[in-house]
Amino acid sequence: MLILGIESSCDDTAAAVVEDGVKILSNVISSQNEFHQKYGGIVPEIASRKHVELILYVIDEALKKAGITLDDPEAIAVTYKPGLVGSLLVGLSAAKAIAYARRKPLIGVNHIEAHAYANFMEHPDLEVPHLDLTVSGGHTLLVYIKSPTEHEVLGGTLDDAVGEAYDKIAKFLNLGFPGGPIIDRLAKSGDPKAIDFPRPLLNSGDYNFSFSGLKTAVTYFVREAKAQGKEIREEDLLASFQQAAVDVLVAKLLKASEEKQVSTVTLSGGVAANSLLRKTLSEKGRELGLKVVYPSLALCTDNAAIIAGLGYHLFKKGVRSGLDLSAKANLEF
Ligand code: KG4
Ligand code: ZN
């Protein structure tokens, strides 16, 4: 069964065709990074306008690459939350127009659930229940996953998402956008023990996160060093920041895995591409006998294949959205 997936929740315009929830026939992504780069972050109005310019070409390309026409998909799956409302509305309007014109079912997909689904897509034998840590530019969520469409949120960020902290620190240091991959690369040649940054909420006894204070600690450290005329090695600063963030993420995920008695943990979302996070969790997993699973880099960051993939399971479950489906900025599980 073919599903056409459409994704426009943030700054990537994406469309994909997926068969039976797992086989990717096409996965087209048009990145807007170059348009947001000079602002050091995503400008929502620019993102919406670019989506409007790109969406039809991206959908067309996805159909062509899959060798199909608009008549072939069984249903149209589209991200409707969470995200930038102006951005979401573009993909949603395109999906509704196709569904209406071709008399196909419309299926609204939760972007965060789709990130976690990436692991089911690439590991069809993935054990349930398991725990997933969804780490992206907008969210840091610890989720107990019972099936591709059933889950329980154990905790989330109280302020900045971890990807947001990466992006804001990179902006502060004029390193470029998005900051995550840049910091990941630079930190490789730094000393993670050089600066002892705080590990926020490490021992809070719950599964919530907070990265705003860590980001502020990094910026204060830089300002103070500058005021005192001290040289800081940027790689050491970044490696120390990254170590603090990864320590908290890994510790909370492992604590939850013990409490929930699961034998598999997964990573998902853009920050799941982070090399230190992957390496640290894999090492801990080996020590503790836990299976650690994460998606390939292409399925970590925003794409429409995960939307079409999860759309298939929602379709099979009988989920159908009306043409009055509206975009939602927040998660509201
Ligand atoms: O999932 P995603 O593509 O979009 C959202 O749903 O937010 O995640 C984007 C986030 C950005 O904050 C980006 O800096 C971060 O993922 N990111 C990384 C890496 N690659 C992307 N963060 C740390 N290390 C990376 N290698
Ligand atoms: Zn995302």
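Taking Asp20 as the residue in question, decide whether it is among the charged types (D, E, K, R), within 13 Å of ligand 1 (Cβ to nearest atom) and touching a residue at least 12 places away in the same chain (Cβ under 8 Å).
It is false that Asp20 is among the charged types (D, E, K, R), within 13 Å of ligand 1 (Cβ to nearest atom) and touching a residue at least 12 places away in the same chain (Cβ under 8 Å).
Any idea how many residues of the stretch 275-319 are exposed (fewer than 14 other Cβ atoms within 10 Å of the Cβ) and in a loop (DSSP other than H, G, I, E, B)?
4
Check off (1) in a loop (DSSP other than H, G, I, E, B); (2) more than 18 Å from Pro295 (Cα to Cα); (3) within 16 Å of ligand 2 (Cβ to nearest atom) for Gly137 and give me the number that stays unchecked.
So Gly137 meets the others, but not (2).
If only one of Ala194, Ala165 is under 22 Å from Cys300 (Cα atoms) and either in the same structural domain as Leu237 (by TED's automatic domain parsing) or within 16 Å of ligand 2 (Cβ to nearest atom) (or both), which one is it?
Details: Ala194 fails: under 22 Å from Cys300 (Cα atoms).
Only one candidate passes the filter, namely Ala165.
Between residues in the stretch 296-319 that are at pLDDT below 95 and residues that are more than 12 Å from ligand 1 (Cβ to nearest atom), which pairs lie under 8 Å by C-beta distance while being six or more apart or on different chains?
From the stretch 296-319, the pairs are Ala298/Asn27.
Hey, Gly40 hits all of (1) under 15 Å from Asp167 (Cβ atoms); (2) at pLDDT 90 or above but one; which does it fall short on?
The number of the failed condition is (2).
Taking the stretch 320-333 as the region of interest, how many residues are of a type in the set (A, V, I, L, M) and either away from ligand 2 (no atom under 16 Å from the Cβ) or without any contact (Cβ under 8 Å) to a residue 40 or more places away in the chain (or both)? Walk me through it before giving the result.
In the first step, residues of the stretch 320-333 are kept if they are of a type in the set (A, V, I, L, M); the result is 323, 325, 327, 329, 331.
Next, from what is left, pick out any that are either away from ligand 2 (no atom under 16 Å from the Cβ) or without any contact (Cβ under 8 Å) to a residue 40 or more places away in the chain (or both): 323, 325.
Result for the stretch 320-333: 2.
Just for the stretch 175-191: of the residues that are away from ligand 2 (no atom under 16 Å from the Cβ) and in contact (Cβ under 8 Å) with a residue 60 or more places away in the chain, which one is surrounded by the fewest Cβ atoms within 10 Å (Cβ to Cβ)? Before the answer, list the steps.
Step one: filter the stretch 175-191 for residues away from ligand 2 (no atom under 16 Å from the Cβ), giving 175-176, 182-191.
Add one more test, that the residue is in contact (Cβ under 8 Å) with a residue 60 or more places away in the chain, and what stays is 176, 184, 187-188.
Working: Gly176: 16, Asp184: 18, Ala187: 24, Lys188: 13.
Ranking the candidates gives Lys188 first.
Kindly provide the set of residues from the stretch 241-274 that are within 16 Å of ligand 2 (Cβ to nearest atom) and assigned to a helix (DSSP H, G or I), ordered by number. If you could, list the steps in order and put the result at the bottom.
At the first step, the residues of the stretch 241-274 found to be within 16 Å of ligand 2 (Cβ to nearest atom) are 266-274.
Matches in the stretch 241-274: Gly270, Val271, Ala272, Ala273.
Scan the stretch 219-270 residue by residue and report those that are touching a helix residue (DSSP H, G or I) at 6+ places or on another chain (Cβ under 9 Å), surrounded by fewer than 20 Cβ atoms within 10 Å (Cβ to Cβ) and of a type in the set (Phe, Trp, Tyr).
Selection gives Phe221 alone.
Just checking, does the stretch 120-133 include any residue being modelled with pLDDT of 95 or more, crowded, with 22+ Cβ neighbours inside 10 Å and within 11 Å of ligand 1 (Cβ to nearest atom)?
Checked the stretch 120-133: no residue is modelled with pLDDT of 95 or more, crowded, with 22+ Cβ neighbours inside 10 Å and within 11 Å of ligand 1 (Cβ to nearest atom).
How do the helices (runs of 4 or more DSSP H) wholly within the stretch 142-240 filter down when requiring 2 or more residues that are charged (D, E, K, R) and out of contact with any Ser or Thr (no Cβ under 6 Å at 6 or more places or on another chain): which remain? Write out each step before concluding.
Numbers: elements: 162-172, 179-187, 212-227.
Where helices (runs of 4 or more DSSP H) fall fully within the stretch 142-240 and carry at least 2 residues being charged (D, E, K, R) and out of contact with any Ser or Thr (no Cβ under 6 Å at 6 or more places or on another chain), they are 162-172, 212-227.
Only one residue in Tyr100, Tyr166 is more than 27 Å from Leu201 (Cα to Cα), at pLDDT 95 or above and either in contact with a Pro (Cβ under 9 Å, 6 or more places away or on another chain) or of a type in the set (Ser, Thr, Tyr) (or both). Which one? Even if it seems obvious, please write down each step before you answer.
On the way: Tyr166 fails: more than 27 Å from Leu201 (Cα to Cα).
After ruling out the rest, the residue left standing is Tyr100.
Within the stretch 142-159, does at least one residue satisfy the condition of being within 13 Å of Ala272 (Cα to Cα), within 15 Å of ligand 1 (Cβ to nearest atom), of a type in the set (Val, Ile, Thr) and touching a residue at least 12 places away in the same chain (Cβ under 8 Å)?
no
Would you say Val292 is within 14 Å of ligand 2 (Cβ to nearest atom), of a type in the set (Val, Ile, Thr), under 20 Å from Val143 (Cα atoms) and out of contact with any Asp or Glu (no Cβ under 8 Å at 6 or more places or on another chain)? Explain how you work it out, then say what you get.
Details: within 14 Å of ligand 2 (Cβ to nearest atom): no; of a type in the set (Val, Ile, Thr): yes; under 20 Å from Val143 (Cα atoms): yes; out of contact with any Asp or Glu (no Cβ under 8 Å at 6 or more places or on another chain): yes.
No: the conditions fail for Val292.
The values are calculated or read from the model by the stated rules, or taken from the named source; none is laboratory data. This one's a predicted model, so the numbers in the text were calculated from it and none came from an experiment. Every residue, glycine as well, gets a Cβ built from its backbone with ideal geometry; the counts of neighbours run over all protein chains shown.
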